[in-house]
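The values are calculated or read from the model by the stated rules, or taken from the named source; none is laboratory data. As the structure is a prediction and not an experimental result, all values here were calculated from the model. Reconstructed Cβ throughout: ideal geometry from the backbone, glycine too, with neighbour counts over all protein chains shown. Just the protein is used for accessible areas: all its heavy atoms, side chains included, with ligands, DNA and RNA removed. Shrake-Rupley method; radii C 1.70, N 1.55, O 1.52, S 1.80 Å.
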Amino acid sequence: MDPKVPLRDVPRVAWSRAGILALILLVLPLGGWEAYWRGQQFRPSTRNSDGLWAMARRWVDRAAPEQTVLIGSSRVLFDIDLDAWEEETGLLPLQLALEGTNPRPVLSDLAADPDFTGLAVVVVTPMLVVMPDAGLERVFAFYNFDTALFTVLHRQTWWPERPGLPFQPRVVRKLSDMDRRREADMWVRLEDDPEYAELAKSIWRDFLDYPPPAPSEAEARAQFEAMLDEIKRDVEAIRARGGDVAFVRLPSAGYFREDEAAAFPRERVWEPIVAAAGAVSVHFEDYPELMDVRLPEWSHVSARDKGRFTRDLVRILRDNFRARGTLRPELEP
């Protein structure tokens, strides 16, 4: 022992009382924070992440040969009821959708996987499919990106906006609850709270009204033709192993649908993709039962409608494959 270090007696403390006090100081604010967010209709749910997606992708490698894989963006996450799909087909589909992303890289990944021989259902969101390639919760309700303390503070209007500042899109607010299978339900507050639904719509309007700079017409045409060639190659690679691909356009409504129709007309985006793939396709506008759903914030099917919606979609896909003389085991009851 270093003689230069002075020794001192450990102070006499009632450690049990100190421990109880520390516990109280921890539990009270934590409990209050949790109670507040429960009062805002938050509930415990799984936080989506790249890691959770990677786990789902690994399940594809371990699945039976006749496996349905769902790929796309948030519409397939919100609109497809995995349990209803399983009830119709006897097989639980694997959910590989990611919010706000282009499905093409995932389709290419499945095409390059020699073990994938199942059915890939590609959900096309027009503005995303043409863009360049990108890409505690079970206990506490406050464990959500929307409830992080500094996120909440950043959202507050501390001072008025100064004129002349460049446009800054707002961050998308909480829209869903998710479980460990990556089953996502639209958050009930979007359906039950008109003011919150209007907030979500206003954020979508920001994104739609201020799109990123577009390439020149020649560049856009070259990129689109390259995309069609890529999709055709990927679909052919999957079919060569005995698998198949179907393309689905899920519903949108209101201002969102109007903007999609103007900026990405069906005949210029959807039809060329389906033709290049030579694939079974389902566009919601062709089926009244797929249009008879509530979309509280214009872009996603209500959690209260998605079970019935999913059953209708599975039956339509099954019928369309049968009409081509193909019985896909993934879709047969």
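What the table shows:
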item: DSSP bridge pairs, the chain: antiparallel proportion in percent, nearest 5; result: 15 percent
item: MRE, 222 nm, helices only [DSSP H, n ≥ 4, -39500 (n - 2.57), over the chain, to nearest 500]; result: -14000 deg cm²/dmol
item: For Val248, distant residues with modelled amide H under 5 Å away; result: Val122, Val123, Val124, Val282
item: Shape call, segment 14-120: gyration tensor on alpha carbons, a/c limit 1.5; result: prolate
item: Calculated from backbone phi, Karplus (6.51, -1.76, 1.60) coupling profile of segment 90-99 in Hz, x at Gly/Pro; result: x, 10, 7, x, 9, 9, 10, 6, 9, 4
item: Portion, in percent, of the accessible area of the chain that falls on carbon or sulfur, probe 1.4 Å; result: 57 percent
item: Calculated log₁₀ intensity ratio I(q)/I(0) where the Debye formula runs over C-alpha points of the chain, q = 0.07, 0.08 Å⁻¹; result: -0.37, -0.46
item: Two-site label geometry, Phe207 and Lys4: point separation in nm, points 7 Å out along Cα→Cβ; result: 6.3 nm
item: Whole-number accessible area per residue in Å² for the chain, which is evaluated in the context of all protein chains at 1.4 Å; result: 55 Å²
item: Cα shape, segment 208-333, gyration tensor, a/c 1.5 rule; result: oblate
